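The structure under discussion appears below in the form of structure tokens.
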Amino acid sequence: MPSNEEKKPEEKFKEKLSNLFNPPDPQKKKNALPPKAHFSIWYFLIVFFLFILIQQYLLAPKVETIPYSRFKQYLAEGQVSKLTIGPDSITGALKGKEGKPDREFITVRVEDPNLVKELDEKKVDYSGLYQSKFLNNLLSWIIPIGIFILIWRYAMKRMGPGYGVMSFSKSKAKLFAENGVKVTFADVAGVEEATEELQEVVEFLKNPGKFQRLGGRIPKGVLLVGPPGTGKTLLAKAVAGEANVPFFSISGSEFVEMFVGVGAARVRDLFAQGNSHAPCIIFIDELDALGKARGMNPMGGHDEREQTLNQLLVEMDGFESNKGVIIMAATNRPEILDPALLRPGRFDRQVLVDRPDINGREAILKIHSKNVLLSPEVDLHQIAARTPGFVGADLANLVNEAALLAARKNKETVEPAEFDEAIDRVVAGLEKKKRVMSPKEKEIVAYHESGHAIVAESVPQVDPVHKISIIPRGIAALGYTQQQPTEDRYLMTRSELLDRLAVLLGGRVAEEIVFGEISTGAQNDLQRATDIARAMVTEYGMSDRLGLVTYERERQPLFFPESFAPSKAYSEEKAAEIDEEVARVIEEAHQRVRGILSERRKVLDDLAHLLLEREIVPGEELRKMLGKPNPSPPS
Ligand code: ADP
Ligand code: MG
Ligand code: ZN
């Protein structure tokens, strides 16, 4: 835009701001319909009443209302010319005097047995009125039906287009034209691992023939897994944008309809559309709404959803991915998905879209502040450092808030003060969701995770640590220590179980040693530790005191009412003994872990500080600190 050059900087800034608040959306423009005439029920009612008023008062002939006594008087005087006797009223005409037209009158009918005789006497022309009930009947039917139809139409409109009975099997998959998706990987940051994995999908979509020639099997379904707002939807679009292919998207919740069979029809339709537009991407957002494990509902199945899910499975099986159609889906709750969805040939590739680390957050801030005039004092790295746990959507929101604040204060540029305020606001919003930690909490979490990690590297029989992170994930886990399995495991020995138990206790013991008190953050660890200890005692017969006896029955099915569960197969005394034994196993592990961590107190401090600084520490670094060699990669 050449005219842009001439504008004063503040004008330019304001324009950018307004662009930021109402980003021009090319897709929306393209799909926009001409403004529809707004039909409102109120217009209709107003016209209707006007019409009735006109009929009543303007079009009706002038009629004089007279008392019955006057009518009798006129009758006696012989002035009445003709009469119509209705059920409630009498209308008639009075003879006009000296060439004047007849005057019409109306009077209320009074019980008067002699009226007919008098009329006959005066030779008045009279008739009874047969009042047709037809119109009344008609109205009493038509009006309720009319109201019903209006309500129906209104409800249909509320549900959005495509819900009419005629169109109920049409897929609402929106087709964005060939160049419709403008999003590319450059618009996504902080999720490099995911973008790398998806690069392969892009390559394939760009050139399906190449892969086919080499006989490689192309992934059919790619499942993006990650917390809300990390950019899953954005990534799926970016894949379509990078490969320059059409992008069909539908949300899982849209499949689940009130009519049984509609969802299944939609799935069929969606895949038919995808097939005819290959190469393309079919994207199912919020797959969990549709793909919840079947049979999980204790109140009997949700037939409609199961049908839809079955149809999806069928379509995915019957799909030739060689044609160049890739099915992508996103979910933030992979654990509730039906296992059938994750089988080979379906969503067999899963891509983790995790919360960004500090550098990722900085990159995302950079992307979103591209169109915002930042003061040179704004340090995005420092802002990133202050926002652990923020996801991409939060950061986009943060930049937007800051720009809004600057605009409200009529500033030329967005300054650090606005970012400070915006962070406070966004944090206040997020704090309700328990996702942002105070510095003290962060320190506790850093020591907690360091404890897990150091114990994991110090006991002989557990998997090496892959990475340690204090980026919060979800509500329960404030940080995590990821271990890399070196081999598949089917059996575990007693000492391995004890080592695992030690790792689980590591977090809590570290808190104990460093802070002299413990937090609620270890609850899940203790739960799992107790489970392991209990299983060792009651299921695997690993306790010397209780011996080689299994005390636990098979697990009960989920949601099975308590009262149906078989009673315990052991006595109360035995139960007390089991509890004591479980407590002993845990206490021994506790002492062991205390020993391990007290011995490595220096490493514990160093690692915790490193975590506070960098949020993520790779396992190699920890092993270096402990003076251990790195393990050979899994074979
Ligand atoms: P999800 O589908 O994972 O819930 P979205 O893709 O809908 O998240 O993200 C919402 C918005 O947040 C995006 O439109 C984008 O503006 C911003 N956003 C989220 N993640 C990122 C990211 N990694 N990089 C850049 N922007 C992001
Ligand atoms: Mg989404
Ligand atoms: Zn823990």
(request) Sort out which residues of the stretch 112-124 are of a type in the set (D, E, K, R) and either part of a loop (DSSP other than H, G, I, E, B) or not assigned by TED's automatic domain parsing to the domain that holds T84 (or both), and write them in order of number. (result) D112, K123
(request) Take the residues in the stretch 435-456 that are within 16 Å of ligand 3 (Cβ to nearest atom) and surrounded by fewer than 22 Cβ atoms within 10 Å (Cβ to Cβ), then tell me which one is modelled with the lowest pLDDT. (result) M437
(request) Could you run through the stretch 576-599 and say how many residues are open to solvent by less than 60 Å² (accessible area, probe 1.4 Å) and farther than 19 Å from G541 by Cβ? (result) 5
(request) Return yes when A384 is part of a helix (DSSP H, G or I), modelled with pLDDT of 85 or more and away from ligand 3 (no atom under 16 Å from the Cβ) and no when it is not. (result) yes
(message) Please pick out the residue among F48, F71 that is in a helix (DSSP H, G or I), within 21 Å of E104 (Cα to Cα) and modelled with pLDDT of 80 or more.
(response) F71
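Can you say whether A422 is at pLDDT 85 or above, within 16 Å of ligand 1 (Cβ to nearest atom) and within 35 Å of the chain's Cα centre (by Cα), as far as the supplied structure shows? Give the steps one after another, and end with the answer.
On the way: at pLDDT 85 or above: yes; within 16 Å of ligand 1 (Cβ to nearest atom): yes; within 35 Å of the chain's Cα centre (by Cα): yes.
So A422 fits the description; yes.
Is one or more of the residues making up the stretch 531-550 away from ligand 1 (no atom under 16 Å from the Cβ), in a loop (DSSP other than H, G, I, E, B) and at pLDDT 80 or above? First the steps, then the outcome.
Our first condition is that a residue be away from ligand 1 (no atom under 16 Å from the Cβ); within the stretch 531-550, this holds for 531-550.
Subsequent filtering for residues that are in a loop (DSSP other than H, G, I, E, B) retains 539-550.
Next, from what is left, pick out any that are at pLDDT 80 or above: none.
No, because not a single residue in the stretch 531-550 is away from ligand 1 (no atom under 16 Å from the Cβ), in a loop (DSSP other than H, G, I, E, B) and at pLDDT 80 or above.
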(message) Just to be sure I understand the filter: pairs with C-beta atoms under 8 Å, separated by 6 or more residues or on different chains, first member in the stretch 273-288 and within 11 Å of ligand 2 (Cβ to nearest atom), second member charged (D, E, K, R) and open to solvent by 30 Å² or more (accessible area, probe 1.4 Å). Which pairs pass?
(response) F283/K237
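The values are calculated or read from the model by the stated rules, or taken from the named source; none is laboratory data. Quick caveat: nothing in here was measured; it's all calculated off a predicted structure. A quick note on method: Cβ atoms are made from the backbone with ideal geometry, for glycine too, and the neighbour counts reach across all protein chains shown. Quick note on the areas: whole protein, heavy atoms, side chains included, nothing else; ligands and nucleic acids left out. Shrake-Rupley method; radii C 1.70, N 1.55, O 1.52, S 1.80 Å.
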